[in-house]
Every structure is written in structure tokens, then in C-alpha cells.
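Here the structure is laid out as C-alpha cells; the discussion comes afterwards.
Bear in mind these aren't lab numbers, they're just calculated from the coordinates by the rules spelled out. Please read all numbers here as calculations on a predicted model, not as lab measurements. Note that each Cβ is placed from the backbone with ideal geometry, even for glycine, and that neighbours are counted across all protein chains shown.
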Amino acid sequence: MKTEKIKTDLLIIGGGAAGCYAALTAAENSELNILICEKAHIKRSGCLAAGVNALNAYITEGRTPQDYVDYAKKDADGIVRDDLLITMSERLNKVTERLEELGLVILKDENGKYAARGNRNIKINGENIKPILAAAVEKLPNVTVLNRVNVTDISVSDNRIKGAFAIGIENDTFYSIEANVVIIATGGAAGLYKPNNPGASRHKMWYPPFNTGAGYAMGIRHGAEMTTFEMRFIALRCKDTIAPTGTLAQGAGAKQINSQGEIYETKYGLTTSERVYGTVMENLEGRGPCYLKTEGISPETEDSLLKAYLNMAPSQTLKWVESGRKISEQNVEIEGTEPYIVGGHTASGYWVDTNRATTIKGLYAAGDVSGGCPQKYVTGALAEGEIAALAAVRFISENAPANIGEAEINSHIAEIERFTGEDNSFYSTEQLEEAMQTVMDSYAGGIKTNYRFNASQLDIADRRITELEVLSEKLHADDFQELMYIYELRERLTVCRSVIAHLRARHETR
């Protein structure tokens, strides 16, 4: 293992949508040295890796930012931060226009205006949205990108950020990174619960399987305040493929129906959580399976759906083609996914102020790790990246840097040497991950229990997750790729314990 010390003004952990836009903003508003650490490759990393076909957060003509706040607030049963929602919403259209300037193709109507999809969405050709953002960042002279470098921990002393520690997955290097200010933009947490599909297909899920809650875990370990982890996101998806249902519901007007052909969506409500709840209840009461009604749609709509899903979820288009039946001849079966912890759809994440400053001085959060502000989607993540970057630039001008001590560096090196040293483990990382998912599924409200739980079950879950944390101390890695898997598991275990604590604390139902 090689070791390397780096000094920078601004460290951005995570090169996804929020991280890229934070770098763009900081570079254009300062002459700071900016470093992005990305554990994959910035060109195809984060939630936008495969592209998207719409921007779901946009203030369409005749609407206002306050309208968007009201929508998000209603969808989350009022458990939101209005101040965070309005500061995000006011920037949605500005960042959208900037994306178009960078090269994103936004579809237009016959009048040359953005083609709307509903009250808050606009259509795009977004397969290359992430390469566009990455290319813009890579052109900046004062920005350095370290690809395939996984940040494993932040350095904090007296509640002041000092930098971070990372591993170079392909060059076997340990990095000690001193930074005056840090923006954390690592994404939310998938893989905590047992997913819909088993075995080799277990990573066919709604949220990126490489988003492990790393950003949450780093903050939790160092005492950062978190919020609303009990507001888990459970997506309503096409069965087996876990493909999106929004395009069917909004683009084709497909209604939710049960096996008897009855439309049930209006019976339970049309918010995100109510759509899932209604589907669960219809199945429990013996009226399943449930579907989105596509029988009888027009050939034009059918063709657009095939293209749309080929763009964002090819497995669904292939399923239709392989079935030998047209979309207009069969309804699409739907199901809920396992729960995720994510601040872009729900309000889970760091407790932040309107500058996206966390409770650790000098640490800012943007995108899915930032709590209190749901329904931010792509453009909201960009907006928060901009807000955090501008605040970070101001912070640096007003605060002297802090230094990382040698003892802390040596402690992290010793941890790596323990994991890569002699193999004394009785378990593999994958076995402990599967055990973790089984515990969460059975005792913390997973698919197995129809997302329900009680205090006794949560006590069992916490005890068993704690036991798995102890076992993870003795895991072994043959190389730095396997070392990354160990850290990812440990991040998930930390987040699991926080989820359990938040579920236990939230006594009222909604």
C-alpha cells in the first residue's frame, strides 16, 4: 500500500449530479483549488449514470416555486422543511437552463417552449446527461478529479471538518486529504433491505446499488445531526424489472387497477406513499395482483412507451417484446420495492440550514444526503450543489484551515492493514451483507412484513445489526476492490442502526 497526502481548499465527496454542479459553481465563483473524489468514474456515476428521460422538478409556465413547495409538502404529509424547499425551488429553472447551455437536449413543443409532462416535469433526451456534466467539470482548470478513489471517513476535531481519508481502488493508495471545507454529495442508501429479486439479480433495484449511505455513515460516526430516516422511500415499480411506473401513469394515463379490473388508486389517494399503500392493501385483502392498465392504448402511445423504456429501463422493453404480446394487449403488473433511505425523494439525510451547512462546522451536504427537502430529483440536486458551493466559498474566505494529525492518519492506516492482513474471518463480506438484509427485511419493516414493524421487532433488529458490526471487524480483503466492499458493508450497517433508531422514535402513524 502506498500513502499520499493531499491538500486542497474544497473537497467534494461524490461526483454525481450534486457534486458536479457544486464543482462548476465553486470554480466559476472563486479561484479555489477544488478536488472531487469519485469511487466510480465521474462520466457514468451516481443516479444519472444511465440517463433519464425527464426532469421531474421544474416550474412550468403558470406555476411558481411556492406551488412546488406545496406539492412536495402535501406528498410528504407535511413533514418537510419549507425553508429548504423554497430555496431549492427558486433555482430549479435556472439550473435547467444551464444544463441546456452545456448541451442537454430538452424537447420543445410547436411554440418552441419546453415540452411539459404534467405540472412539474419536462421531457429531455437525457441518456448523456452525466457525460455532459462530467465534461463540463473536467474542462475547469482549478478542478482535479480522482476517479476510482473511495472516501471511507471524514476527519473531524472539535466539531470542525479537517478533511477526509480515502483509498485508491486501482492504485492501492491510501489518501489523507486536508481540506478547508467539504461538500458531501455521495447519494443515499440502497441495499439495506432484502430486495425484490434474489441471487444474481439482487442488484436489479430502484436505486443505484453502489449508493451505500457512505455520506450518512461518515456524518453519523462524527456526531452530525440527521433527520427523518424513518421516512423511507418505497418505490412503486413494474414487477420483476423494477422499471419506473411514472412514465406509464403520467405519459400514458395508466390507472392502478386490481385483478378484478377495479380502479383503486382514488380509493387510497394519489401521493407517492398512498399509491404504494393502496397496492399493498389490495394484495393483502385478496384482490391482487395489481396492475397499471395499458390494455387498449393507442399504437402511438405504445410506440412512445417502448422507446421511453428502452432509453431508461431496457429490461422492461425487452420483457414486453419477449412476451409476444403488445403493451395494448396486457396490463403491467406492479409491486413495491424494498425501502431505501434517500433525501431526493423523501426527507432523509443531514439536518442542514438553508446554506446546506450540516451541524459539523465546514461540512456541507447536497443532493440525496441532504435531508428535509424531498422531491428534489435531478434539478433539485443541482440546485443544492449550487447553494452548498456558494456557501462553501464564503466559508473559506472567513475561516482558517485545520490540519489532520499523524495519529489519526496512522489509525486509519492500521485499520486498512487489519482488513488486508492475515485472513482470520469465518465469513465473507457478501454473507454478512445478506444477513443484514435478512434482519432488516424481517424485523425492520421490509417486503416480507408488508413494510410493517413494531417495537419488539426493532429491538431484535438493532441487536442483530450490532452483532454483524462486530463480525465485520474481522473481515478480510485480498485487494482494494474487496476492501471497498468491506467499507460499503460497514457503511450500510451504520445506516441500518440509524434507521432503526428513527423508526423507533417516530410513534405516530401516517
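Odds and ends about this structure:
- Radius 14 Å from Cβ of residue 88, net charge of other residues (Lys, Arg +1; Asp, Glu -1): -2
- Among the trypsin sites (Lys or Arg not before Pro) in region 425-502, those located in a DSSP loop and surrounded by at most 10 other Cβ atoms within 10 Å of their own Cβ are 452.
- Neighbour-count order for 58, 451, 427, 377, fewest beta carbons within 10 angstrom listed first: 427, 451, 377, 58
- Per DSSP, loop GluC sites (Glu not before Pro) in region 138-214 with at most 16 further Cβ within 10 Å: 170
- Gyration tensor analysis over the Cα atoms of region 419-505 returns equivalent ellipsoid semi-axes of 27, 11, 10 Å (largest first, whole Å).
- Taken over the C-alpha atoms, region 236-336 has Rg and Dmax values of 12.8, 36 angstrom.
- In a fully extended conformation the segment linking residue 409 and residue 426 would gain 3.3 nm over its present Cα-Cα distance, using 0.36 nm per residue.
- Whole-angstrom gap from region 354-410 to region 74-130, using each part's C-alpha centre: 23
- Cα gyration tensor shape for region 62-146, rounded if a/c is under 1.5, else prolate or oblate: oblate
- Modelled label positions at residue 300 and residue 108, each set 7 Å beyond Cα in the direction of Cβ, lie 2.1 nm from each other.
- Among the listed pairs 43/293; 74/123; 130/239; 2/194; 267/376; 7/94, those beyond 29 Å (Cα-Cα): 43/293; 2/194; 7/94
- Against the empirical 2.2 N^0.38 Å (N residues), region 296-337 has a Cα radius of gyration ratio of 1.13.
- Euclidean distance between Cα centres, region 1-35 to region 433-453, Å: 37
- Rg/Rg_ref, region 1-111, where Rg_ref = 2.2 N^0.38 Å and atoms are Cα: 1.33
- Equivalent ellipsoid semi-axes - Cα gyration tensor, region 158-293, angstrom: 40, 18, 13
- Computed log₁₀ I(q)/I(0) - Debye formula, equal Cα scatterers, no solvent, region 113-236, q 0.10, 0.20 Å⁻¹: -0.50, -1.31
- Using the average count of surrounding beta-carbon atoms within 10 Å as a protection proxy, the listed peptides 204-216, 313-325 rank, highest first, as 204-216, 313-325.
- Where N is the number of residues in region 178-255, Cα Rg divided by 2.2 N^0.38 Å: 1.43
- Share of Cα-Cα pairs in region 384-439 lying beyond 15 Å, as whole percent: 73
- Debye-formula intensities of the chain, expressed as log10 I(q)/I(0) at q = 0.09, 0.10, 0.11, 0.12 Å⁻¹, are -0.62, -0.77, -0.94, -1.12 (one equal scatterer per alpha-carbon, no solvent).
- Between region 186-203 and region 242-264, the alpha-carbon center distance in angstrom: 24
- Working note: 222 nm ellipticity from helices only, DSSP H runs with n ≥ 4, each -39,500 (n - 2.57), summed and divided by the residues of the chain, gives -12500 deg cm²/dmol to the nearest 500.
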